[in-house]
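Data first, discussion second: the structure below is written as structure tokens.
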Amino acid sequence: MNPRDLELTLAAARAVGPCPPGEEAAWTDQVRARAIHLYTLADTVGQDLQRLDAAKQFTATLLSLRLEDTSTRGVLIVRNTSGELEQLRTDRGDSDAGRAMIERARALVGHRLRVYRVNEQMAGNPKMQVRTVVHLTDYGPDTDPVHEHSAKENVLAAAEGDTDAARRAWLDAGLPETGSVSVHQLAAALAKLPDADAG
């Protein structure tokens, strides 16, 4: 037996607990199942750690999350420290990792985050890349005011240059014509854009 297999078996046996007298066969099955689970878990965690090692890290505030119908991915719009918007995607929502990231992001709208992002090739078009978020570290709610000019530029960028849609979203969210706005107000304006969907 190689050392890895022995370690997995011992870890599984510790997790299952002592073998009750007369139940050796059932106990052995439980240990075997737990060892296989630990092995596959280690493989998954190893892949996750490789993605984290390859990830670009930056600080940003999460402004919106919507679900993409075609891919089931979550689409995040974040505002980086220079005030520019960046669009990121989660893994597919029909995967465990994608579903977990979507739920985590949903709870973090309006928070300042450490974002771990990788560029991955699209399955349908290897020449195109998707910016995929692989981890979010929460630094708490972003309470810094957003300058009026920067906020309006953000809404316009999220509206893909459609000035009418951006203005409607700004007004529908009840934002003031002049003066700084909060991150919460800016997120509310983005949520009013035509394609916005709270997920």
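The values are calculated or read from the model by the stated rules, or taken from the named source; none is laboratory data. What you see is a predicted model, and the numbers here were worked out from it, not measured in a lab. Backbone-built Cβ (ideal geometry, glycine too); neighbour counts: all protein chains shown. Side chains included, ligands, DNA and RNA excluded: accessible areas come from the protein's heavy atoms. Shrake-Rupley method; radii C 1.70, N 1.55, O 1.52, S 1.80 Å.
Of the residues that make up the stretch 180-190, is at least one of a type outside the set (Ser, Thr, Tyr) and surrounded by fewer than 12 Cβ atoms within 10 Å (Cβ to Cβ)?
So far as the stretch 180-190 goes, no, none of its residues is of a type outside the set (Ser, Thr, Tyr) and surrounded by fewer than 12 Cβ atoms within 10 Å (Cβ to Cβ).
Considering each residue of the stretch 8-57, count those that are open to solvent by 100 Å² or more (accessible area, probe 1.4 Å) and touching a strand residue (DSSP E or B) at 6+ places or on another chain (Cβ under 6 Å), and give that number.
The qualifying residues number 1.
Among the residues of the stretch 119-142, count how many are hydroxyl-bearing (Ser, Thr, Tyr) and more than 21 Å from the chain's Cα centre (by Cα). First the steps, then the outcome.
First, the residues of the stretch 119-142 that are hydroxyl-bearing (Ser, Thr, Tyr): 132, 137, 139.
This time we only want the ones that are more than 21 Å from the chain's Cα centre (by Cα), so: none.
Qualifying residue count, the stretch 119-142: 0.
Pairs needed: first member in the stretch 170-181, in a loop (DSSP other than H, G, I, E, B); second member anywhere, open to solvent by 70 Å² or more (accessible area, probe 1.4 Å); C-beta distance under 6 Å; at least 6 residues apart or different chains.
Cβ pairs passing all conditions: 173/192; 180/145; 180/147.
Given the options 60, 55, name the one that is closer than 30 Å to residue 193 by Cβ, in contact with a Phe, Trp or Tyr (Cβ under 7 Å, 6 or more places away or on another chain) and among the hydrophobic types (A, V, I, L, M, F, W, C).
Numbers: 60 fails: in contact with a Phe, Trp or Tyr (Cβ under 7 Å, 6 or more places away or on another chain).
The unique qualifying residue is 55.
Would you point out the residue of the stretch 75-118, among those that are over 18 Å from residue 137 (Cβ atoms) and in a loop (DSSP other than H, G, I, E, B), that is most open to solvent (accessible area, probe 1.4 Å)?
Step by step, filter the stretch 75-118, then rank; the result is 84.
What number of residues within the stretch 119-147 satisfy the criterion of being open to solvent by 50 Å² or more (accessible area, probe 1.4 Å) and of a type outside the set (Phe, Trp, Tyr)? Reasoning before the result, please.
Kept after step one, since they are open to solvent by 50 Å² or more (accessible area, probe 1.4 Å), are these residues of the stretch 119-147: 119-129, 131, 135, 138-139, 141, 143-145, 147.
Next, from what is left, pick out any that are of a type outside the set (Phe, Trp, Tyr): 119-129, 131, 135, 138, 141, 143-145, 147.
Adding up the residues that qualify gives 19.
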